[in-house]
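Asks: This structure is in structure tokens; I'll ask about it shortly.
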Amino acid sequence: IHSTSQGKALQAEFQLTTWAFNCPNEAVVNNTLFTSHKIINRAPDPTDSTFIGIWADVDLGCGYDDYVGCSPALNTMYAYNTDAVDGQIGNTCQGTPTFPGAAPTQSVTILNHPMDKFIPYNNTGGSVPAATTDPQTALEFYRYLSGSWRDGSPLTDGPSGYGPGNLVSYLYPDDPSNVNGWSMCTANLPIGDRRLFGTIKLGQLAPGQIEEVNVAWAFHPNPDLPCGIGSTLNDVTKLHTIYDNGFTNLCLP
């Protein structure tokens with residue numbers, strides 16, 4: 001029973017494998033969890049227009065003062081703190097434990113498929129447009145998966161990605177430290193509770209067809225806050241290389 005989306009059963013099998021490494025010589029790998037999501041179409045008919053969504057509600061300590069962004073070239077999405085203080089002054093956040101120093105950056109990287117869309121939508125509530133908040137019906141879930149807001153509006157390059165503007169596939173695709181790029185930092189958006197959501201377009205799945213999506217979930221300490229994500233993109237580049245090399249010769253004995 002799909003109690004969240006209210007959608008019909010998919011007749012698909014999902015297998016999840018999670019692993020990590022103990023690599024004292026590779027700090028990036030020590031800060032990463034890897035997941036493999038294997039999808040098998042068990043239906044007797046093809047499944048048309050198939051999209052896979054990688055979703056994360058990243059709360060960096062306080063969940064109300066995070067910005068998000070993506071790097072389409074690296075198939076990665078990330079969250080970072082809006083300023084050098086996690087939560088409010090005095091490290092408070094409505095009872096939620098916060099980081100005493102600078103909050104790390106969290107990245108989620110698709111390792112073996114191109115990321116088709118990046119749509120960071122908002123937690124329901126607040127002053128944000130309702131069309132940019134949590135989906136409630138199967139159609140709204142599919143709209144997010146296929147690359148539009150929950151009301152069917154397209155993604156645009158306006159400050160928030162919703163409303164008038166040129167059509168885009170990825171919101172906030174530039175490094176926050178790039179003053180001439182488009183990020184939540186340069187758009188000077190208000191703080192909020194946002195979800196990371198990247199999609200993969202698979203197309204038609206034949207009966208019995210198997211697809212696998214491999215993901216790296218990494219955290220990156222000591223970002224250059226505010227408006228900086230430190231070594232995040234370099235770390236993700238390294239993770240891609242490690243994955244492409246099949247994790248060979250990775251850890252010292």
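Asks: Would you check if there is a residue in the range 202-217 being at pLDDT below 95, at positive phi and not in a loop (DSSP other than H, G, I, E, B)?
Replies: yes
Asks: Out of all the residues in the range 71-85, which are within 13 Å of L225 (Cβ to Cβ) and not aromatic (F, W, Y)?
Replies: A79, N81, T82, D83, A84, V85
Asks: A further question follows. Taking only the range 9-53 into account, find how many residues are under 28 Å from L239 (Cβ atoms), of a type in the set (D, E) and assigned to a strand (DSSP E or B).
Replies: Total meeting the criteria: 1.
Asks: Okay, moving on. Quick check on D86: is it open to solvent by less than 70 Å² (accessible area, probe 1.4 Å), within 20 Å of G192 (Cα to Cα) and more than 14 Å from the chain's Cα centre (by Cα)?
Replies: yes
Asks: Assuming K201 fulfils every condition listed in (1) over 30 Å from A43 (Cα atoms); (2) open to solvent by 20 Å² or more (accessible area, probe 1.4 Å) apart from one, which condition is it?
Replies: (1)
Asks: Still on this structure: Every residue in the range 14-41 that is surrounded by fewer than 12 Cβ atoms within 10 Å (Cβ to Cβ) and in contact (Cβ under 8 Å) with a residue 40 or more places away in the chain, please.
Replies: Of everything in the range 14-41, those that are surrounded by fewer than 12 Cβ atoms within 10 Å (Cβ to Cβ) and in contact (Cβ under 8 Å) with a residue 40 or more places away in the chain turn out to be N22, P24, N25.
Asks: Provide a single number: the residues in the range 55-83 that are touching a Gly at 6+ places or on another chain (Cβ under 6 Å) and surrounded by fewer than 22 Cβ atoms within 10 Å (Cβ to Cβ).
Replies: Qualifying residue count for the region: 0.
Asks: Kindly indicate whether any position in the range 82-101 is closer than 30 Å to T50 by Cβ and in contact (Cβ under 8 Å) with a residue 60 or more places away in the chain.
Replies: no
Asks: Inspect all residues belonging to the range 220-227 and state whether any of them is under 30 Å from T133 (Cβ atoms) and surrounded by fewer than 17 Cβ atoms within 10 Å (Cβ to Cβ). Show your work before the answer.
Replies: Initially, the range 220-227 is screened for residues under 30 Å from T133 (Cβ atoms), giving 220, 223, 225-227.
When the remaining residues are screened for being surrounded by fewer than 17 Cβ atoms within 10 Å (Cβ to Cβ), the result is 226.
There is at least one residue in the range 220-227 that is under 30 Å from T133 (Cβ atoms) and surrounded by fewer than 17 Cβ atoms within 10 Å (Cβ to Cβ).
Asks: Can you confirm whether T156 is in contact with a Ser or Thr (Cβ under 6 Å, 6 or more places away or on another chain), at pLDDT 95 or above and either closer than 26 Å to N112 by Cα or surrounded by 14 or more Cβ atoms within 10 Å (Cβ to Cβ) (or both)?
Replies: Here the answer is no, as T156 does not meet what is asked.
Asks: In the range 89-112, what residues are surrounded by fewer than 23 Cβ atoms within 10 Å (Cβ to Cβ), assigned to a loop (DSSP other than H, G, I, E, B) and aliphatic (A, V, I, L, M)?
Replies: I89, A102, L111
The values are calculated or read from the model by the stated rules, or taken from the named source; none is laboratory data. Nothing here was measured: the structure is a model prediction, and the numbers come from that model. Glycine gets a Cβ as well: all are built from the backbone with ideal geometry, and neighbour counts include every protein chain shown. Accessible surface is based on the protein model in full, side chains and every heavy atom, while ligands, DNA and RNA are left aside. Shrake-Rupley method; radii C 1.70, N 1.55, O 1.52, S 1.80 Å.
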